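Step one of this worksheet: look at the structure below.
Please treat every number below as a calculation from the coordinates, not as lab data. Predicted, not measured: the structure shown is a model, and the values here were computed from it. Quick reminder, even Gly has a Cβ in these numbers, built from the backbone with ideal geometry, and neighbours come from all protein chains shown.
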Amino acid sequence: MRLDKYLKVSRLIKRRTVANEAADAGRISINGKVAKASASVKPGDKITIAFGDKELNVEVLSVAETVKKEDAKLMYKEI
């Protein structure tokens, strides 16, 4: 699954366009490497998102095309 879509479906970032802009600005990395919005995400990957002066580190647990709002947190684990 594409990185921008995963971030939206998992509700780590609210909108896909915002995820695209964050990736284009180099604020998102997968497994320590800066990632583009089109990068592939798979279970086991570690994603780091820079929000201003904070960083969010998560590990991908599952990848699904659609998820209910209450199940979105089951797609990742904060590390």
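For Cα Rg over 2.2 N^0.38 Å, which listed value, (1) 1.13; (2) 0.96; (3) 1.26, comes from the coordinates shown? Given (1) 1.13; (2) 0.96; (3) 1.26, the structure-derived one carries the label (2).
Would you mind ranking SER40, SER29 by Cβ crowding within 10 Å, fewest neighbours first? The partial results should precede the final answer.
Details: SER40 12, SER29 18.
In increasing order of surrounding Cβ atoms, one gets SER40, SER29.
Each of ASP24 and ASN57 was given a label point 7 Å from its Cα along the Cα-to-Cβ line. The distance between the two points is 2.9 nm. Approximating the spin labels as points 7 Å out from Cα along Cα→Cβ, the ALA50-to-LYS69 distance works out to 3.2 nm. Counting charges near ARG2 (Lys, Arg +1; Asp, Glu -1) among other residues having Cβ under 10 Å from its Cβ returns a value of +3.
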